[in-house]
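Okay, structure first, notes after.
The values are calculated or read from the model by the stated rules, or taken from the named source; none is laboratory data. These figures come from a predicted structure and were not determined experimentally. FYI the Cβ positions are ideal-geometry reconstructions off the backbone, even for glycines, and counts take in every protein chain you see.
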Amino acid sequence: TSDHLRHVDSMGTLPSGTGKISYLNAVILGDSLASEENDLVLPSPEFSSQALIPSSDKYIEMYRRSIVDPAGFWSEIASLFYWKQKWSDQVYSENMDVRKGPINIEWFKGGITNVCFNALDRNVQAGLGAKTAIYWEGNEPGQDGSLTYTDLLERVCQLANYLKDIGVGKGDAVVIYLPMLMELPIAMLACARIAAVHSVVFAGFSAESLAQRITDCKPKAVITCNAVCRGSKVIHLKDIVDTALVESAKNGVSVDVCLTYENQSAMKRETTNWMEGRDAWWQDTVPKFPTTCDVEWVDAEDPLFLLYTSGSTGKPKGVLHTTGGFMVYTATTFKYAFDYKLSDIYWCTADCGWITGHSYVTYGPLLNGATVIVFEGAPNYPDPGRCWDIVDKYKVTLFYTAPTLVRSLMREGNEYVTRYSRKSLRVLGSVGEPINPSAWRWFFNVVGDSRCPISDTWWQTETGGFMITPLPGAWPLKPGSATFPFFGVQPVIVDDKGTELEGECSGYLCVKSSWPGAFRTLYGDHERYETTYFKPFPGYYFSGDGCSRDKDGYHWLTGRVDDVINVSGHRIGSAEVESALVSHPQCAEAAVVGVEHEVKGQAIYAFVTLVEGVPYSEELRKSLVATVRNQIGAFAAPDNIHWAPGLPKTRSGKIMRRILRKIASRQLDELGDTSTLADPSVVDQLIALRDC
Ligand code: 6R9
């Protein structure tokens, strides 16, 4: 058995109080406030008694089984889904060790199924046809809509038929560039139904970023809408797509069809730029197709979708997820981490442009037959009470969001929260970055009225679903800790040399052996997949995150250890921002680091060296920031441009980001050894220019 399991076993007596955890400071949910002194928050007996996993004993029993017998554990769960044909006797096969040959992960191979069928047809057949699948809430309060499972199935079938009609078939890519309209999950599911591979691009990405992704995956069609309102701004998405398609055509990738939804509240069709022959209005074409559509049955290992994400170097990576494992894993993690019941109303504030919106707006919840809220607007529009207004309006029971949103609403004061009832809330969730204990406490005490457990879910685009997460009802929580691994997940913490650390420790977070939701490759670049994730610590999947484990076995994520910056929960590669900056004609060189930010978690801080003879100016600063906005998207714009006559480099020419991080965060007494720099005097020059 694994070390982790031994570790869990050694605490097997929880929560009776005879285990390793000291209960001196424990509070029972609902009994009193979680505060600085009370660092353990126990689920209330009422919550635990109704929970799917009511005790740590039950967790330990299931966890043990999942590690000792993964094939048995996961095939029992997978049998709850519809398979046209069962998988082969070998439930999974894996090689996660680069020393033993190519990395290869397969789950339920030979099994024939379809994720859309399981999310929609199966639920309708089970009698959920009249249940609300999606409540849609628009940008303006009062704009709303809803679809039952039967409605959703019909809409998905119409679009699937349309896509087939224009020639999209099994294995073809479709790029989706849509805001949070119901049409976004509809488009994802329609692709899944006909075995097309969707690649959703977050609608905050620039034309250039969109073009880059289109060029990489060569879609048969792009699905978009003409415009969207975000808060009080109107954004012309179709124009962005038009520009991107011109750009990708220059790279030799031309797209034949651009299906455009007319988002009437934002823009009328008459004012929308149009290319005859290529562009089609969704409303004019899709509803003409039949409301039933045969399912394209696929192998469990056939691709389901591609999602581009940022790495520490180079261009964005196309993370590829396949069908069977992703389906089983997202549905199961959703069910247990939120203690899901059929009567729940679930709201995840993430956009479907990110992995959270794939796994936990669309697939995980709908596979469980859940009612999901899709919110198009901004959480602080028309005022910072909007989220709680929506919670009361739809009687939301499960609310899943990001620490950056919690912190930004916390700053607005409790009044915006307490004026709403929120009594429907049952479980809260957090994702995207470590949640700091003070934000955790505010979320717990103020939003959840000290009643609702918080599932702080650690996972990644690459992992497909939750990896380390509380199961509400099972474990006492610690504010700021993601607690323990999900079933079947074996996290290990290693040192520089890749040696597994035991007990209380801190190091690099890796995972030993595969889980069904794991990504299978980076699209078109299996070598980069192996190099980035499996070579740093042979034998393990390397997450890129730092982590410590405390004396009670709780996991505490400490942030990225590579050059990925996490701004408001969005992953941004420093190399991408640097390459945008150096594309500016007056920029000679740039180095980008993350600095702590009160609301966003991290902010982008850029050191910029100008072309010889170009003077610093406010105007130039603005134009550099605009370049990043245009090339990546507004969310990646640097908060700071620090003029740099030179950058600190080693004699071999490597930029020492460690030093830049210290200068950026004003920790000048912690610069460390600068003697190995090719020119140590650049450090003093940078310090002198820090407030210019
Ligand atoms: C799901 C998602 C992944 C990175 C990951 C880590 C950070 C996400 C976290 C968390 C601490 C949590 N992260 N959830 N850190 N606690 N609960 O966000 O995927 O966009 O790929 O980002 O986000 O640094 O490595 P993705």
Requested in this report: Quick one: which residue in 510, 505 is free of Cβ contacts under 8 Å to residues at least 60 places away in the same chain, within 30 Å of residue 302 (Cβ to Cβ) and either among the hydrophobic types (A, V, I, L, M, F, W, C) or within 11 Å of the ligand (Cβ to nearest atom) (or both)?
Outcome: 510
Requested in this report: Determine whether residue 544 is at positive phi and either buried (at least 20 other Cβ atoms within 10 Å of the Cβ) or aromatic (Phe, Trp, Tyr) (or both).
Outcome: yes
Requested in this report: Please indicate, with yes or no, whether at least one residue in segment 177-188 is at pLDDT 95 or above, buried (at least 24 other Cβ atoms within 10 Å of the Cβ) and part of a strand (DSSP E or B).
Outcome: yes
**Report entry** Residue that is surrounded by the most Cβ atoms within 10 Å (Cβ to Cβ), among those in segment 253-288 that are aromatic (Phe, Trp, Tyr) and in a strand (DSSP E or B)
**Finding:** 261
Query raised in the report: Inside segment 452-493, can you point out the residues that are away from the ligand (no atom under 16 Å from the Cβ) and either at pLDDT 95 or above or touching a Cys at 6+ places or on another chain (Cβ under 8 Å) (or both)?
Result: 452, 487, 488, 490
Query - Out of 498, 524, 507, sole residue that is surrounded by fewer than 16 Cβ atoms within 10 Å (Cβ to Cβ), touching a strand residue (DSSP E or B) at 6+ places or on another chain (Cβ under 9 Å) and farther than 28 Å from residue 75 by Cβ - result: 524
Query - Close pairs (6 angstrom Cβ cut-off, 6 or more residues apart or separate chains): of a type in the set (Gly, Ala, Ser) in segment 649-665, surrounded by 14 or more Cβ atoms within 10 Å (Cβ to Cβ) anywhere - result: 664/593; 664/595; 664/605; 665/595
Report task. With the checklist (1) among the aliphatic types (A, V, I, L, M); (2) at pLDDT 95 or above; (3) farther than 30 Å from residue 39 by Cβ in hand, flag the one item residue 588 doesn't pass. Result -> (2)
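Each row is one residue, and each column tells you yes or no for (1) of a type outside the set (Val, Ile, Thr); (2) in contact (Cβ under 8 Å) with a residue 60 or more places away in the chain.
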{"position": "212", "(1), (2)": "yes, yes"}
{"position": "225", "(1), (2)": "yes, no"}
{"position": "231", "(1), (2)": "yes, yes"}
{"position": "239", "(1), (2)": "yes, no"}
{"position": "272", "(1), (2)": "no, no"}
{"position": "284", "(1), (2)": "yes, no"}
{"position": "300", "(1), (2)": "yes, yes"}
{"position": "318", "(1), (2)": "yes, yes"}
Report task. Would you be able to tell me the number of residues in segment 412-447 that are within 16 Å of the ligand (Cβ to nearest atom) and hydroxyl-bearing (Ser, Thr, Tyr)? Result -> 2
Requested in this report: Please work out if residue 448 is without any contact (Cβ under 8 Å) to a residue 60 or more places away in the chain, surrounded by fewer than 24 Cβ atoms within 10 Å (Cβ to Cβ) and under 25 Å from residue 361 (Cβ atoms).
Outcome: yes
**Report entry** Where a residue in segment 55-74 is over 18 Å from residue 337 (Cβ atoms) and its partner, wherever it lies, is among the β-branched types (Val, Ile, Thr) and assigned to a helix (DSSP H, G or I), with Cβ under 8 Å and at least six apart
**Finding:** 64/8
Query raised in the report: Does at least one position in segment 560-570 carry a residue that is within 14 Å of the ligand (Cβ to nearest atom), outside any strand (DSSP E or B) and either small (Gly, Ala, Ser) or on the phi > 0 side of the Ramachandran plot (or both)?
Result: yes
Report summary line: Being closer than 26 Å to residue 56 by Cβ, in contact with a Gly (Cβ under 8 Å, 6 or more places away or on another chain) and among the polar types (S, T, N, Q) narrows 481, 543, 548 down to just 548
Requested in this report: Being surrounded by fewer than 16 Cβ atoms within 10 Å (Cβ to Cβ) and part of a loop (DSSP other than H, G, I, E, B) is the filter here, so list the residues in segment 219-252 that pass it.
Outcome: 231, 232, 251, 252
Requested in this report: Pick out the one residue from 591, 580, 575 that is part of a helix (DSSP H, G or I) and closer than 26 Å to residue 496 by Cα.
Outcome: 575
